[in-house]
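The values are calculated or read from the model by the stated rules, or taken from the named source; none is laboratory data. As the structure is a computational prediction, the values presented were derived from the model and not from experiment. Please note: Cβ atoms are built from the backbone with ideal geometry, for glycine as well, and neighbour counts cover all protein chains shown. Side chains included, ligands, DNA and RNA excluded: accessible areas come from the protein's heavy atoms. Shrake-Rupley method; radii C 1.70, N 1.55, O 1.52, S 1.80 Å.
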Amino acid sequence: MQRAIGMVEFSSIARGIYAADQMVKVSEVDIVTASTSCPGKYIAIVHGDVAAVKTSVETGEREADEYYIDSMVIPNVHPQVFPSLSGAVEIEKIESFGIIESFSIAAMLETADAILKAANLQGVELRLGNGLGGKAYFTYTGDVAAVKSGTAAGKDVVASRGLLVNFEVIPSPSRVLVQSLV
(Lines give C-alpha, C1' and ligand atoms only; values in the text may rest on other atoms or scores of the structure.)
Protein backbone atom coordinates (compact mmCIF):
# COMPACT_ATOMS: atom_id res chain seq x y z
CA MET A 1 0.00 0.00 0.00
CA GLN A 2 1.35 3.40 -0.94
CA ARG A 3 1.66 5.93 1.84
CA ALA A 4 0.71 9.49 1.12
CA ILE A 5 1.09 12.73 3.00
CA GLY A 6 -1.12 15.78 2.64
CA MET A 7 -1.28 19.22 4.15
CA VAL A 8 -3.60 22.19 4.33
CA GLU A 9 -2.45 25.58 5.59
CA PHE A 10 -4.95 28.05 7.04
CA SER A 11 -4.79 31.77 7.87
CA SER A 12 -7.14 31.25 10.84
CA ILE A 13 -6.24 29.07 13.82
CA ALA A 14 -9.90 28.54 14.76
CA ARG A 15 -10.87 27.51 11.22
CA GLY A 16 -7.76 25.34 10.96
CA ILE A 17 -8.71 23.36 14.06
CA TYR A 18 -12.28 22.98 12.83
CA ALA A 19 -11.15 21.88 9.35
CA ALA A 20 -8.57 19.44 10.79
CA ASP A 21 -11.39 17.79 12.72
CA GLN A 22 -13.41 17.46 9.52
CA MET A 23 -10.35 16.13 7.65
CA VAL A 24 -9.92 13.19 10.02
CA LYS A 25 -13.65 12.46 10.23
CA VAL A 26 -14.11 12.11 6.47
CA SER A 27 -11.44 9.44 5.79
CA GLU A 28 -9.06 7.03 7.48
CA VAL A 29 -6.00 9.21 7.94
CA ASP A 30 -3.67 9.83 10.84
CA ILE A 31 -2.53 13.28 11.89
CA VAL A 32 1.20 13.83 11.54
CA THR A 33 0.80 17.28 13.05
CA ALA A 34 -2.00 19.76 13.50
CA SER A 35 -0.67 22.92 15.08
CA THR A 36 -0.11 26.62 14.90
CA SER A 37 2.68 28.08 12.82
CA CYS A 38 4.05 31.58 12.48
CA PRO A 39 2.71 34.16 11.89
CA GLY A 40 -0.65 33.16 13.40
CA LYS A 41 -1.42 30.38 10.93
CA TYR A 42 -2.49 26.76 11.37
CA ILE A 43 -1.36 23.64 9.52
CA ALA A 44 -2.90 20.19 9.36
CA ILE A 45 -0.69 17.39 8.01
CA VAL A 46 -2.19 13.93 7.54
CA HIS A 47 -0.97 10.61 6.18
CA GLY A 48 -2.51 7.37 5.06
CA ASP A 49 -3.32 5.69 1.77
CA VAL A 50 -3.48 7.89 -1.31
CA ALA A 51 -7.26 8.01 -1.72
CA ALA A 52 -7.87 8.75 1.95
CA VAL A 53 -5.30 11.55 2.02
CA LYS A 54 -6.71 13.14 -1.15
CA THR A 55 -10.23 13.05 0.30
CA SER A 56 -9.00 14.49 3.59
CA VAL A 57 -7.09 17.35 1.94
CA GLU A 58 -10.01 18.16 -0.38
CA THR A 59 -12.23 18.39 2.70
CA GLY A 60 -9.72 20.67 4.43
CA GLU A 61 -9.54 22.93 1.37
CA ARG A 62 -13.34 23.14 1.18
CA GLU A 63 -13.77 23.75 4.92
CA ALA A 64 -11.02 26.38 4.93
CA ASP A 65 -13.22 28.68 2.86
CA GLU A 66 -11.67 32.17 2.83
CA TYR A 67 -8.97 31.06 5.31
CA TYR A 68 -7.25 28.77 2.78
CA ILE A 69 -3.56 29.52 2.11
CA ASP A 70 -2.07 26.44 0.43
CA SER A 71 -2.24 22.65 0.28
CA MET A 72 -0.52 19.66 -1.23
CA VAL A 73 -0.65 15.87 -1.52
CA ILE A 74 2.37 13.65 -2.15
CA PRO A 75 1.07 10.21 -3.21
CA ASN A 76 4.22 8.17 -2.45
CA VAL A 77 6.14 10.19 0.10
CA HIS A 78 9.77 9.32 0.81
CA PRO A 79 9.88 7.50 4.17
CA GLN A 80 12.53 9.86 5.59
CA VAL A 81 10.14 12.82 5.44
CA PHE A 82 8.37 11.66 8.63
CA PRO A 83 11.42 11.39 10.94
CA SER A 84 12.74 14.68 9.53
CA LEU A 85 9.48 16.37 10.58
CA SER A 86 9.88 15.21 14.15
CA GLY A 87 13.62 15.86 14.29
CA ALA A 88 14.09 12.26 15.44
CA VAL A 89 16.94 11.48 13.07
CA GLU A 90 20.23 10.02 14.27
CA ILE A 91 23.13 11.11 12.10
CA GLU A 92 26.27 8.98 12.15
CA LYS A 93 28.43 10.95 9.75
CA ILE A 94 28.12 14.26 7.93
CA GLU A 95 30.30 14.64 4.84
CA SER A 96 28.32 17.42 3.27
CA PHE A 97 25.34 19.44 4.42
CA GLY A 98 22.50 20.96 2.41
CA ILE A 99 19.99 23.60 3.44
CA ILE A 100 17.04 24.89 1.45
CA GLU A 101 14.60 27.56 2.59
CA SER A 102 11.10 28.46 1.38
CA PHE A 103 8.43 31.06 1.95
CA SER A 104 5.85 28.23 2.04
CA ILE A 105 5.33 25.29 4.37
CA ALA A 106 3.50 23.20 1.75
CA ALA A 107 6.16 23.89 -0.86
CA MET A 108 8.86 22.79 1.59
CA LEU A 109 7.18 19.42 2.19
CA GLU A 110 7.16 18.81 -1.57
CA THR A 111 10.74 20.07 -1.83
CA ALA A 112 12.02 17.78 0.93
CA ASP A 113 10.37 14.79 -0.74
CA ALA A 114 11.97 15.68 -4.09
CA ILE A 115 15.41 16.13 -2.49
CA LEU A 116 15.29 12.76 -0.74
CA LYS A 117 14.11 11.00 -3.91
CA ALA A 118 16.80 12.63 -6.08
CA ALA A 119 19.87 11.16 -4.40
CA ASN A 120 21.19 8.98 -1.60
CA LEU A 121 20.62 11.47 1.22
CA GLN A 122 19.57 11.47 4.82
CA GLY A 123 17.13 14.09 6.08
CA VAL A 124 18.24 15.90 9.22
CA GLU A 125 15.43 18.34 10.01
CA LEU A 126 12.31 19.61 8.29
CA ARG A 127 11.25 22.78 10.13
CA LEU A 128 7.83 24.14 9.25
CA GLY A 129 6.97 27.70 10.17
CA ASN A 130 7.39 27.83 13.95
CA GLY A 131 9.72 30.62 14.98
CA LEU A 132 10.48 31.31 11.32
CA GLY A 133 7.94 33.95 10.39
CA GLY A 134 5.99 31.40 8.35
CA LYS A 135 8.99 30.20 6.35
CA ALA A 136 10.22 26.61 6.28
CA TYR A 137 13.56 24.91 5.75
CA PHE A 138 15.00 21.44 5.25
CA THR A 139 18.49 20.23 6.14
CA TYR A 140 20.00 17.02 4.78
CA THR A 141 23.32 15.24 4.48
CA GLY A 142 25.19 12.84 2.21
CA ASP A 143 28.27 12.96 0.02
CA VAL A 144 28.94 16.21 -1.81
CA ALA A 145 27.63 15.01 -5.19
CA ALA A 146 24.42 13.69 -3.63
CA VAL A 147 23.80 16.91 -1.68
CA LYS A 148 24.36 18.97 -4.84
CA SER A 149 22.03 16.71 -6.82
CA GLY A 150 19.33 16.80 -4.14
CA THR A 151 19.66 20.57 -3.81
CA ALA A 152 19.19 21.03 -7.56
CA ALA A 153 16.05 18.87 -7.51
CA GLY A 154 14.66 20.71 -4.49
CA LYS A 155 15.50 24.11 -5.93
CA ASP A 156 13.56 23.26 -9.10
CA VAL A 157 10.44 22.33 -7.10
CA VAL A 158 10.31 25.37 -4.83
CA ALA A 159 11.56 27.89 -7.42
CA SER A 160 8.88 26.76 -9.88
CA ARG A 161 6.31 27.99 -7.35
CA GLY A 162 8.16 31.29 -6.84
CA LEU A 163 8.75 30.49 -3.16
CA LEU A 164 12.51 29.91 -2.90
CA VAL A 165 14.27 32.01 -0.27
CA ASN A 166 17.78 30.54 -0.47
CA PHE A 167 19.81 27.33 -0.54
CA GLU A 168 23.35 26.41 0.46
CA VAL A 169 25.65 23.40 0.15
CA ILE A 170 28.43 23.05 2.72
CA PRO A 171 30.93 20.45 1.42
CA SER A 172 32.77 19.78 4.67
CA PRO A 173 30.98 21.42 7.59
CA SER A 174 32.80 22.22 10.81
CA ARG A 175 32.20 19.74 13.66
CA VAL A 176 31.34 22.72 15.86
CA LEU A 177 28.58 23.75 13.44
CA VAL A 178 27.32 20.18 13.03
CA GLN A 179 26.97 19.76 16.80
CA SER A 180 24.73 22.82 16.93
CA LEU A 181 22.54 21.56 14.06
CA VAL A 182 21.91 17.91 14.98
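For the pair D156 and S86, a Förster radius of 25 Å applied to the C-beta separation gives a FRET efficiency near 0.40, rounded to the nearest 0.05.
Taking the square roots of 5 times each eigenvalue of the Cα gyration tensor of segment 46-182, largest first, gives ellipsoid semi-axes of 27, 15, 14 Å.
Using the per-residue mean of other Cβ atoms lying within 10 Å as a proxy for protection, in what order, highest first, do the peptides 22-31, 4-13, 124-133 fall?
Numbers: 22-31: 16.7, 4-13: 23.4, 124-133: 18.4.
Ranking, from highest mean packing down: 4-13, 124-133, 22-31.
Could you tell me how many degrees, from 0 to 90 and to the nearest 10, lie between the Cα long axis of helix 144-160 and the main elongation axis, the longest principal axis, of the Cα atoms of the chain? Taking the Cα atoms of the chain, the angle to 144-160 is about 30 degrees. Spin-label model, A51 to R175: label points 7 Å out along the Cα-to-beta-carbon direction sit 5.4 nm apart. For segment 36-53, 3J(HN,Hα) computed residue by residue from phi via the Karplus equation (6.51, -1.76, 1.60; θ = phi - 60°) reads 6, 9, 6, x, x, 10, 9, 10, 10, 10, 10, 9, x, 6, 4, 4, 5, 5 Hz, glycine and proline entered as x. Structural descriptor for the chain: relative contact order 22 percent, calculated from alpha carbon pairs under 8 angstrom and at least 6 residues apart. Residue order by solvent-accessible surface for E101, E95 is E95, E101, largest first, with ligands and nucleic acids left out and a 1.4 Å probe. Here the label points at E66 and E168, each 7 Å from Cα along the C-beta direction, are separated by 4.1 nm in the simple model. P(r) for segment 2-81, from all Cα pairs and a bin width of 10 Å, is 24, 55, 21, 1 %, short bins first.
The calculated 222 nm mean residue ellipticity attributable to helices in the chain amounts to -12500 deg cm²/dmol, summing -39500 (n - 2.57) over DSSP H runs of n ≥ 4 and dividing by all residues. Annotation: peptides 38-51, 109-122, 162-175, ranked by per-residue average of other Cβ atoms within 10 Å with the highest first, follow the order 109-122, 38-51, 162-175. Checking the Cα-Cα distances for K41/K148; K54/K155; K117/K148; K117/K155; K93/K148 against a 22 Å cut-off, the pairs over it are K41/K148; K54/K155.
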